[in-house]
Structure formats: C-alpha cells, structure tokens
Amino acid sequence: MNDELPLPKLVRRLVLVVVVMFGFGFALVPIYDVMCQAFGINGKTSTSAWTGSQAADEAREVRVQFLATNASGMVWEFKPVADQVSVHPGAAQEMRFIAYNPTDKPMTAQAIPSVSPSKAAAYFHKTECFCFTQQVLQPGERIEMPVRFIVDRGLPAEVRHLTLAYTLFDITSRQPPVAHTGG
C-alpha cells in the first residue's frame, strides 16, 4: 500500500500551511499587545511632550526606577545618574542619563522608552525627553540627557512603584551621509 499523498493533495496542504502562517504573522502584533497588557509588560509611552499641569499630591509617594540598556550592536555607555527617585504624583521631576561614545567615529542613536507596569504608562507624562530626538555623539563625546516627567495624580492607588526603561539603538547606518563643504 502506498502511504504517499497524491501531489495535488500535498500542494493544497502546503498552500494551506503557508496561508495559516501568513495570517498568524499578521495576528502577532495584536496578540503581542494583548499579552503585554495582560502581563503588565512593555508599557508604551508617548513620543511627544505632555503639556498639562496639576498640583502635587504631597500625601502620596511613588518610587520611579530607571533602567538603561543597549540594543544589540550598540557600543555606547548608557546609564541613568541615579537608579531611582521618589516622587509625589503631580510634581514635575527630572532625571539625567549619561551617554558616551567610546568609538573613533560619529554615531547616531535613538532611545525607545517603556513603562511598567503597563497600566501605569498612561499616567507617566514626559514633558521633555532625549527620546523625542535622535542623539549624535562625536568620537569620545559624553553628554547628559534629561528626561523631565510628571507621574499623574490619577495613577491607580495600588501602583506604588513604576519603572522607566530605555533601550538605546544604533541608527548610524540609517542616516544619510553628511555633506561637507570645502573651505
């Protein structure tokens, strides 16, 4: 008895597998967002400055932890000046991050932020952030980059600790070449 599938039946099954895999690829982004929300990871923050204002809640304190990591291939030193601060919701705060380019060539970087737990991301407002723009460092250059923020008074009471994490990406190769003018 021959256990092999006839060619047309095999082709149909292979096409079906390809279609299912293609559909699953499109479904990954919404599935990822749902999983992040369910497990409280990868809270997305705004990519533009917040312009609201509110009075500080002096009776409440929230601990904000800062993390800095480099993406694969990024060689800069990158870290916050302090690991954490305690803030009163509604009060403006600032933290500085240090970046250092140890290479012998100019490099361009982009920082991508996230807040956890994810339900806190909507209550974490950046009024100024180095993540809003690309950072260019010359060889051996070191800079301090500020992030100014406000933890919203509307933050749920059970959230007493949140983490602002940045991942720094090397985007030098994606930048157009700089034209030099002769003199």
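The values are calculated or read from the model by the stated rules, or taken from the named source; none is laboratory data. Keep in mind that this is a model prediction, so the values were computed, not measured. Here the Cβ positions follow ideal geometry from the backbone for every residue, glycine too, while neighbour counts run over all protein chains shown. Only protein heavy atoms, including side chains, enter the accessible area calculation; ligands, DNA and RNA are left aside. Shrake-Rupley method; radii C 1.70, N 1.55, O 1.52, S 1.80 Å.
Checking the a/c ratio against 1.5 first, then a/b against b/c, what shape does the Cα gyration tensor give for the stretch 62-170?
prolate
Could you put 114, 72, 86 in order of accessible surface area, largest first, with the 1.4 Å probe and the full protein assembly present?
Per-residue accessible area, sorted high to low, gives 72, 86, 114.
Mind checking the dipole of the stretch 62-170: about its Cα centre, +1 per Lys or Arg Cβ, -1 per Asp or Glu Cβ, Debye to the nearest 20?
Around 300 debye, computed over the stretch 62-170.
Just to confirm the filter: which trypsin sites (Lys or Arg not before Pro) across the stretch 93-183 are DSSP coil and have at most 14 other Cβ within 10 angstrom of their Cβ?
When the trypsin sites (Lys or Arg not before Pro) of the stretch 93-183 are filtered for loop state and at most 14 Cβ neighbours within 10 Å, 160 remain.
So how much slack lies between residue 60 and residue 17, counting 0.36 nm per residue of separation and subtracting their Cα-Cα distance, in nm?
Gain on stretching residue 60 to residue 17: 10.0 nm.
What is the calculated FRET efficiency for residue 158 to residue 132, with r their C-beta to C-beta distance and R₀ = 30 Å, to the nearest 0.05?
FRET efficiency, residue 158 to residue 132: 0.50.
Kindly rank 131-139, 163-171 from highest to lowest mean number of other beta carbons found within 10 Å of each residue.
Result, highest mean first: 163-171, 131-139.
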